[in-house]
Every structure is written in C-alpha cells, then in structure tokens.
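J.: Would you mind keeping the following structure in view while I ask a few things?
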Ligand SMILES: [Zn+2]
C-alpha cells in the first residue's frame, strides 16, 4: 500500500518536471512555429531582454542601451546578409526555381512596416520585429524559412470561396478604363461591387499628384494614360477552357483551371513593364519599381483589394 503510494507520487513528480521543462522551452522560443529549416545559419540571434526583471528606472535605461548597442551590431551583420539574400536566396515557387527576394521589396517593406533599403540596419531591425510577431527566431535576416512564411501569409489573405457571378452581377468596363479599348464585349465584364471599388481606387489615384496621371476629369483617365487601366477582369470558365484547347503551349497562369478571374473579382491592372502581364523576372522588376505599383501596395487594401505577390498586375477584391 505504502509502496504503491510512493510509486504514484514519483509519477506525479515526473509529470510535473516534464511540464516545467516544456514551459521553459516554449518561453525561450525553442518551439519553432515553422517547421521549414533553412540551409543558412542565422548570423546573430537577438535575445529579448526582460525589462520587468529590473527594479529601477536607471537599471531599465542601462539594460536598454546595452541591449540597443548589442542590437545595432547584430543588425549590421544581418543587414549584410540581407543584401546578399535579396539577390541570391534560392527558393521555389509554382514548380519554378527562383532567385532572391529583392523583386518583392515594396510588398516586403509594407509587410514589415519599414521604408529603408534592404541592406540597412533599419530594414534588418524591422525584419526581426516581424519575425517576433510571426514566432520565428528574431535574427533580422530574411532567410528561406522567414521568406516562405511571409509568402504563406500573403497567399492566405487572397480571395477565397467567392462564387462565380451570373450575368446580373456583371457590368461592362467602359473604353476609357480599358488598357485595350478594342477589347470585345464579352471580355470587358467585371463583378459589380468590384467595379465600384475600382472606381473609388481610381479616383484616389487620380487625385494623388505624385502619381502624375494624365486625366480627362477628376474620375477619368486620359486616353493616352495606361497606368491603372484594366488589362483583364472577368474571364468565364468556358473562355478559359477554350483558351486551353487553342493554346496548349501557353503558360500555367494563363490556363489556370481555377482562376480568381472566374469570380469577376480579380483585376489585372496596368502597372508598367514591357508586357502588362508577363511574369518574366525582368518584366516584373520593371513593374515593381513603378510609382503606380508602389502606390497600389500601400493603398489598394483601403479599397478592398489585395495583391498576388507573384504577379504585380493582379489584384483581388476581397471587400473591406
Ligand atoms: Zn490576373
């Protein structure tokens, strides 16, 4: 009897010890949120300083400045690493090998809330703040695991589960808002609420003098202006199926079997480049540097539009 009680006490003690160990591991950040491991060793790990454990303000201050100078040198190293990774990080998307993340800098800066070059300590510090919020090790280095998680975050915010519209929910885009005003009638349709949101977005862009858009009126672009015009909107599934039969050599994106364009809520907008909708790297590099694209990255969400990171021209209306 006594022996059995001693055994059960031992079991309870063992369970308690395991619980304490698990809690300590979690509080030290050993439990990684993202299972994807990177090939690159982190340059520096910035350890959080628990200010609450200090008694006086003076101790707070000295702890903070010690932490800050340690952070500065850590972020300098991280900044050097980011400059390299921005150009050279090896990753895969859509079955295709990709190089670097500097192409996506406007979106990255928006996501981590910073306006500084990717080779700067400010950028690295912003990366580390974002890493903390994403429960990743706060290295300040945008390495593969971090980058994959950032992409997953963008992808998770895209349009989901929107129904395909019937004819009563579609409206026709007028010539003045089309990149190609000769687009046939069945190819210029868009879902009604998406179009209303686009008109609000367009009026805001027109009223922003820094974009320098040529206009006919406060709400209308000039014929000669291309930026912000609609390249493509609603595409019926039947149309897409026909395309697939006629152009078996065309790229994956153009022939997606479940395109957001079927919902009438996806807009391809002209944001520059030598081709409005080519995903070639050099074309996208031109597009993501235009004022129009950068303005969309910072403002489209106010009007209910979210980006598809890989296609700078593609915006989806998710509402507000
Ligand atoms: Zn599109």
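J.: Enumerate the pairs (first residue in region 261-280 and outside the structural domain of residue 241 (by TED's automatic domain parsing) and closer than 25 Å to residue 162 by Cα; second residue anywhere and surrounded by fewer than 21 Cβ atoms within 10 Å (Cβ to Cβ) and at pLDDT below 95) with beta-carbon separation below 8 Å, excluding pairs fewer than 6 apart on the same chain, so at least 6 apart or on different chains.
T.: Note: no pairs meet the criteria.
J.: A follow-up question, please. Would you check which residues across region 292-308 are surrounded by fewer than 20 Cβ atoms within 10 Å (Cβ to Cβ) and either within 13 Å of the ligand (Cβ to nearest atom) or assigned to a loop (DSSP other than H, G, I, E, B) (or both) and list them?
T.: 306, 308
J.: If we scan region 224-234, do we find a residue that is more than 23 Å from residue 150 (Cα to Cα) and surrounded by fewer than 17 Cβ atoms within 10 Å (Cβ to Cβ)?
T.: Yes.
J.: Now for a separate question. Go through (1) loosely packed, with under 14 Cβ neighbours inside 10 Å; (2) under 14 Å from residue 300 (Cα atoms); (3) free of Cβ contacts under 8 Å to residues at least 12 places away in the same chain and name the single condition residue 217 misses.
T.: Looking at each condition in turn, residue 217 falls short on (2).
Let's see how each residue does on (1) closer than 21 Å to residue 268 by Cα; (2) at pLDDT below 95; (3) buried (at least 16 other Cβ atoms within 10 Å of the Cβ):
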site	(1), (2), (3)
123	no, no, yes
129	no, no, no
137	no, no, yes
140	no, no, yes
152	no, no, no
159	yes, no, yes
163	yes, yes, no
170	yes, no, yes
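J.: Cβ-Cβ below 7 Å, separation at least six or inter-chain, first residue in region 223-249 and at positive phi and within 16 Å of the ligand (Cβ to nearest atom), second outside any loop (DSSP other than H, G, I, E, B) and modelled with pLDDT of 95 or more: which pairs?
T.: So the pair list comes out as 228/202; 228/205; 228/221; 228/269; 228/292.
J.: Looking at region 159-172, I want the residues that are without any contact (Cβ under 8 Å) to a residue 12 or more places away in the chain and have a partner that is part of a helix (DSSP H, G or I) with Cβ atoms under 9 Å, at least 6 apart or on another chain. Which pairs are those?
T.: If the second residue must be part of a helix (DSSP H, G or I), the pairs left are 168/192.
J.: For region 258-291, what are the residues that are more than 16 Å from the ligand (Cβ to nearest atom) and in a helix (DSSP H, G or I)?
T.: 281, 282, 285, 286, 291
J.: Exactly one condition in (1) modelled with pLDDT of 50 or more; (2) surrounded by 14 or more Cβ atoms within 10 Å (Cβ to Cβ); (3) more than 19 Å from the chain's Cα centre (by Cα) is false for residue 104; which is it?
T.: If we test residue 104 against (1) modelled with pLDDT of 50 or more; (2) surrounded by 14 or more Cβ atoms within 10 Å (Cβ to Cβ); (3) more than 19 Å from the chain's Cα centre (by Cα), just (3) comes out false.
J.: Then there is this: Need the failing condition index for residue 240 against (1) surrounded by 15 or more Cβ atoms within 10 Å (Cβ to Cβ); (2) over 30 Å from residue 105 (Cβ atoms); (3) out of contact with any helix residue (DSSP H, G or I) (no Cβ under 8 Å at 6 or more places or on another chain), just the number.
T.: (3)
The values are calculated or read from the model by the stated rules, or taken from the named source; none is laboratory data. Nothing here was measured: the structure is a model prediction, and the numbers come from that model. Glycine gets a Cβ as well: all are built from the backbone with ideal geometry, and neighbour counts include every protein chain shown.
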